[in-house]
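Visitor: Please read through the structure below; I'll follow up with questions.
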Amino acid sequence: MTELLAPAGNMEALKAAIANGCNAIYLGMQRFGARAYSSNFDYESLKEAVNYAHIRNVKIYVTMNTIVFEDEIEDMEKQLQILNEAGVDGIIVQDMAVFDAIVSKYPDMEAHCSTQMGIDDLEGTLLWKELGAKRVVLSREVDIQTVKDIRKKADIPIEVFVHGALCVSYSGNCLMSGLIGYRSGNRGRCVGSCRKLYEIIDTTNQISLGKNYILSMKDLNTIDYIEDLKEIDSLKIEGRMKEPVYVANVVSKYRKALDGNLKPQDKEDLLKTFNRTYTKGYMFKEDKKNITNIVRPNNYGYEIGKISNINKGKYEILLSKTLNQNDMIRIDHNNEDINLCVTKLYDEKDKLINQATKKAYIKLKEKLSIGDVVYKTKDILYYKELEKQLEGEYQRFDLDIQVYAYPQCPLIIEAKGLGVNYTYESEIILECAKNNPTTKEQIIKQFSRLKDTVFTLHNVEFESYDIFIPVKELNQARREIVQGLYTNKINEKPRRVVKPEQKKKISFEQNQPILCASVLNQEQYDACVQAGIETIYFDNIIRRNQNHFQPRQGTLLIGGYGGIHYYRDTNEFVSDYSLNVVNAQSVYQLHALGAKRVTLSYEINEKQLKELIEAYNKQNDGYPSLEMIVYGRAPLMFTNYCPLKKMNQCGTCHLKSYELKDEHGTFPILSHEDCTTTILNGKILNLLDEMPSISHVQAFRLNFTTESKEEILQIVNIAKDKLNHTNMSTVFDQNKDTRGHFNKEIA
């Protein structure tokens, strides 16, 4: 059976999801979850949530899919212990340290690979299956046929997103929020940089292509493709920050779709809660030009009419859909929004009405024009309908009882429900009836009073020898049986803890650190060779989210887990920054997989780096082999989307240069041969002054992107002098450079 997986940012949303037919819930705690701004759950409310769900045969998965710094490892492990004790079914993870802590200690709590890991190929899926994953959440960029192929060949449960907000970047590979605002998406604190207004500039000709929300994705909606999706193990609805009515609306529609009961009106009703307009997504091969909504980054609503006449401040709306009193609407006037609640609605005779279907009249101080489009952003009557669906039982479970009533014996009732058993034994001793013995019908009557439970009475067997059973006793038995079955169901799940196996220690000889470089073109490569750089990453880069692997020669720079799985037995390799490594255990895991060096995340600071190295040394009686990027424009995001195509500039990337601009600065656009895009930081990471004081890092990388040959030669010479301690002057330029996170801690 395909699992319908629903979000819950709080207990109300959880109950709404379960009341509308989900099979599983994913939620976050106060720490280590990728939605830090959601209400989330504390340990007490989590226990309540797990019990509430398990009683209804609904699973609970907890998101712990942020990166975890060294000083948080102990708290992370304590949280896992508490989650295991609470009976959580699975943990959704990004960080290798969290993953290892689960699979090594908690055999009854599954480890699920988060979409933050960027797994979009068979090779990456096979690697994590080998390491102990019980499920892989594939990247949103994977098309449906590839999803099916991976599911078949890897033989591991696969989860995909089917509805809700989309990241424009490959998940886990967006540094924009962290590097600009010091609130990292990899820490669950994304500030939504992709939902901001940007100006697109042709820098070759110094021409502005206009301002818009060029990076703002539409919301995903795949309900039209439910038959294809039924072949996938788990269908995930995004929305842990959404209100309970949103959860109720979306879950109920996908439940109907999965059960074959979806009607055309149900699809329209998906427009009645938050949406940025909809796309079928990359999974169903949406054109990259159509996957963003560059006009508006928040709730779009749906069109219900247009301003058709104006008379002394009263505006006539020619309606295509019903308008109710107290609906929320927005009116698009010259690309500016006027938002209002329709507290007063008039007919053509200027009388107040509560609903209109053809024409309606409103009074506003704001100036509007004939032809302005009116959108409904909240249908008050539909919201009231949804509010009735926020609690209740989506399904009830059979309760079977066998009643044994013999004279001079206690009342015995053996009950079965929810897959567990409970036996009730009364304190009173039964007596023979003097006049009216208790009948089977009376038993059924009392035990049918199950409205406030998850049960419905199914089979009743009654053995009696003219015994009278007080009604009070039957009611007491019913209540105790229900609670007893609940308790047994809650305690049914095992919560084992095993001792982790002793790991082989891995350490490396600490040599004089080297300079290495990454480049984008032959001219930059030649400049690095001329400057004396021996380790250069150019045509030996296997980036994250690169799905087609072929045999290669020599040492590789590998940015994704699929590449590691494919090349680890044939090539020496260095793991790249895109694996988001910020703790000793993640470094160890990559070394164990064969990494010659492990490149650190852009999001680690000086203090955290020292703590990582100290922890690794303590655990392994020696040091790791680390690489660190100390110069270059950081890749703020890597995306499958092409903003140039959206702006009708497709193909011009070979001839011109482009950048985005906002109030903070400019961000160069790199277009790749496969029509993917990297957005670069406008400021240059420059840690050359700090480099000589950084210990136990074996390689310092210079990341060249937009630099000329002359600039590369100059930078390499400075870096060499810094590394040799022959240049003590400051080279950091505060006008064009940044130290990134090195001296600051991200939230």
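Visitor: 222 nm [θ] for the chain, helices only, -39500 (n - 2.57) per DSSP H run of 4+, per residue, to 500?
Guide: On the way: 19 runs with 194 residues, N = 747.
The helix-only estimate for the chain comes to -7500 deg cm²/dmol at 222 nm.
Visitor: Same structure again: Could you derive backbone 3J(HN,Hα) for the range 150-167 from the dihedral phi with the Karplus parameters 6.51, -1.76 and 1.60 (θ = phi - 60°), listing whole Hz in sequence and x where the residue is Gly or Pro?
Guide: Computed from phi, the couplings for the range 150-167 are 4, 4, 6, 7, 7, 6, 9, x, 10, 10, 9, 6, 10, 7, x, 5, 10, 7 Hz.
Visitor: Using the Karplus equation 6.51 cos²θ - 1.76 cosθ + 1.60 (θ = phi - 60°), what ³J(HN,Hα) coupling, rounded to whole Hz, does each residue of the range 637-648 give in order, writing x for Gly and Pro?
Guide: 7, 10, 9, 7, 7, 10, x, 5, 4, 4, 8, 6
Visitor: Turning to a different aspect of this structure: Taking the Cα centroid of the range 134-200 and of the range 585-661, what is the distance between the two, rounded to the nearest whole Å?
Guide: Centre-to-centre distance over Cα atoms comes out at 17 Å.
Visitor: Evaluate the relative contact order of the range 413-547 (contact order divided by residue number), counting alpha-carbon pairs under 8 angstrom at least 6 apart; express in whole percent.
Guide: Across the range 413-547, relative contact order equals 23 percent.
Visitor: Here is a further query. If you take semi-axes √(5λ) of the Cα gyration tensor in Å from the coordinates, which of (1) 53, 39, 20; (2) 53, 27, 22; (3) 49, 27, 24 do you get?
Guide: The calculated read-out lines up with (1).
Visitor: OK, next. Roughly to the nearest percent, how much of the accessible area of the chain is carbon and sulfur, given a 1.4 Å probe?
Guide: Numbers: 14860 of 32490 Å².
Carbon-and-sulfur percentage of accessible area, whole number: 46.
Visitor: Can you list the HN-Hα couplings for the range 679-694, worked out from phi with the Karplus curve (6.51, -1.76, 1.60; θ = phi - 60°), rounded to whole Hz and with x for Gly and Pro?
Guide: Once rounded to whole Hz, the list reads 9, 9, 5, x, 8, 9, 4, 9, 10, 5, 5, 7, 3, x, 8, 8.
Visitor: A follow-up question, please. Find the relative contact order for the range 50-137 and round it to a whole percent, using C-alpha pairs within less than 8 Å whose residues are 6+ positions apart.
Guide: 26 percent
Visitor: At a 1.4 Å probe radius, which order do HIS565, HIS112 fall into by accessible area, largest first?
Guide: The ranking, largest first, comes out as HIS565, HIS112.
Visitor: Quote the relative contact order of the range 559-715 in percent (integer), defining contacts as alpha-carbon pairs under 8 Å separated by 6+ residues.
Guide: Taking the mean separation of contacting Cα pairs over the length of the range 559-715, I get 21 percent.
Visitor: Find the accessible area per residue for the chain; the probe is 1.4 Å, ligands and nucleic acids are left out, and the unit is Å². Before the final figure, lay out the partial values.
Guide: Values: 32490 Å² over 747 residues.
Ligands and nucleic acids excluded, the figure is 43 Å² per residue.
Visitor: If the only charges are +1 at each Lys and Arg Cβ and -1 at each Asp and Glu Cβ, what is the size of the charge dipole of the chain around the Cα centre, to the nearest 20 debye?
Guide: Roughly 2060 debye for the chain.
Visitor: About the Cα centre of the range 321-467, what is the dipole size in debye to 20, counting +1 per Lys and Arg Cβ and -1 per Asp and Glu Cβ, all else neutral?
Guide: Computed charge dipole of the range 321-467: roughly 1160 debye.
Visitor: Positive end of the dipole of the chain, charges at C-beta (+1 Lys, Arg; -1 Asp, Glu), about the Cα centre: which of PHE638, TYR182, ILE329 has its Cα farthest in that direction?
Guide: Result: ILE329, furthest along the dipole toward the positive end.
Visitor: Next question. With +1 on each Lys and Arg Cβ and -1 on each Asp and Glu Cβ, how big is the dipole of the range 242-298 about its Cα centre, in debye rounded to the nearest 20?
Guide: 160 debye
The values are calculated or read from the model by the stated rules, or taken from the named source; none is laboratory data. From a predicted model like this one, the values you see are computed outputs, not experimental measurements. No Cβ is skipped: glycine too gets one built from the backbone with ideal geometry, and neighbour counts run over all protein chains shown. SASA here: full protein model, heavy atoms, side chains in, ligands and nucleic acids out. Shrake-Rupley method; radii C 1.70, N 1.55, O 1.52, S 1.80 Å.
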